[in-house]
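First the structure, in the form of structure tokens, and then the observations on it.
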Amino acid sequence: MNTAFNLIIAFVMSLISLNCYALDGHYADSFRRNLWIIIDRHPAYSWGGSESEQKGVDCSGYIYLAARRSGIPVKRVTAIQMRTGLGGWIGKDTNLGDAGELDLVWWTWIDKPHRPHGHVGVFLSGRRSELLEVTHSSSSHGVIIQELKGMFLRDISAIRRLYIGDRQ
């Protein structure tokens, strides 16, 4: 009896822990695909860039470009404006323990406290490990995906699950 109960609890917990996307399947699949397309093209960092991989992108421009190509109705804004929900970047804040693929993540770097939420990226499952990693446009490396460790783990200032319209 105890073993059956434990199996049922384990099964229910596994269902609860599955990533639930606020974006419906079509938007989520398209957003994921467009992020990977841009990652594979490895565009350079360009402050204010958001038009194409050839011209380069900054952190918020990269996410905007993938969202726009996915049909997600958002506007081009800065990382801090995205954090406040301007331009259609609305969602529900979550914590690292509940974060999932396609959640937006912001950083306030310890050495730049005057720029709260000054950098933004997206959580993705890595191709090799399938562990949660982060993709962003780095001023020194361009668009990359990397493990969530070091300052990228330490300096997280917010995480948000993106919604479209009033669907929650």
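The table below gives the values:
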{"item": "From the options ALA28, ALA67, ALA22, residue that is of a type outside the set (D, E, K, R), modelled with pLDDT of 95 or more, buried (at least 18 other Cβ atoms within 10 Å of the Cβ) and closer than 13 Å to LEU162 by Cβ", "result": "ALA67"}
{"item": "Test: ALA66 is within 14 Å of GLY121 (Cβ to Cβ) and in contact with a Leu (Cβ under 6 Å, 6 or more places away or on another chain)", "result": "yes"}
{"item": "Listing of strands (runs of 3 or more DSSP E) fully contained in segment 75-159 that carry 1 or more residues being open to solvent by less than 60 Å² (accessible area, probe 1.4 Å), β-branched (Val, Ile, Thr) and in contact (Cβ under 8 Å) with a residue 60 or more places away in the chain", "result": "91-94, 119-125, 132-138, 142-147"}
{"item": "Residue satisfying condition, being within 22 Å of GLY25 (Cα to Cα) and of a type in the set (Asp, Glu), within set ASP111, ASP58, ASP93", "result": "ASP93"}
{"item": "Any hit, segment 55-62, residues being open to solvent by 20 Å² or more (accessible area, probe 1.4 Å) and among the acidic types (Asp, Glu)", "result": "no"}
{"item": "Count of residues meeting criterion [assigned to a loop (DSSP other than H, G, I, E, B), touching a residue at least 40 places away in the same chain (Cβ under 8 Å) and open to solvent by 20 Å² or more (accessible area, probe 1.4 Å)] in segment 32-46", "result": "2"}
{"item": "Selected residue [at pLDDT below 95 and either touching an Asp or Glu at 6+ places or on another chain (Cβ under 9 Å) or at negative phi (or both)] from ILE144, ILE156, ILE72", "result": "ILE72"}
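The values are calculated or read from the model by the stated rules, or taken from the named source; none is laboratory data. These numbers come from a predicted model, not from an experiment. With ideal geometry, Cβ positions are generated from the backbone for all residues, glycine too; neighbour counts draw on all protein chains shown. Only protein heavy atoms, including side chains, enter the accessible area calculation; ligands, DNA and RNA are left aside. Shrake-Rupley method; radii C 1.70, N 1.55, O 1.52, S 1.80 Å.
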